[in-house]
1. In nm, what is the difference between 0.36 nm times the number of residues separating residue 39 and residue 26 and their Cα-Cα distance?
2. What number comes out for the charge environment of residue 60, summing +1 per Lys or Arg and -1 per Asp or Glu over other residues with Cβ under 11 Å away?
3. Enumerate the residues in segment 33-57 having an amide nitrogen under 19 Å from the point lying 7 Å beyond the Cα of residue 15 toward its Cβ.
4. If the limit is 24 Å between Cα atoms, which of 38/73; 14/42; 21/65 go over it?
5. Between residue 7 and residue 65, what is the label-to-label distance in nm when each label sits 7 Å out along the Cα-to-Cβ direction?
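Every number here is computed from the coordinates shown, using simple stated rules; none is lab data. Everything numeric in this text was worked out from a predicted model, so none of it was measured. Every residue, glycine among them, receives a Cβ derived from its backbone with ideal geometry; neighbour counts consider all protein chains shown.
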Amino acid sequence: DVASKPKPHTHLHKDGSLWAKGQTLDGEMHGYWEFYRKDGVKMRSGHFDKGQQTGEWTTFDKSGKVYKVATMKAPKAKAAKAKAK
């Protein structure tokens, strides 16, 4: 049984500018991700745990300054499933 390793991933807006960058694990967003506006200014950043937002997520205003920070909680169903393994 070989453990999967996170792979770098980028996603582009239709105009070709960077929309998001981070890592995927088994096809799901995993680890730290950053999302960008079409003008290149960072819009949001935070962590995923196998496709689920987790921990602190930061939202930035149009000038790139921190607008707000929110803490995400794992869905109860996923947490219960993980404990069962």
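1. Contour length minus the Cα-Cα distance gives 1.6 nm.
2. Every neighbour counted, the sum reads +4.
3. Only 35-44 fall inside the zone, counting backbone N under 19 Å.
4. Violating the 24 Å limit, Cα to Cα: 38/73.
5. 4.1
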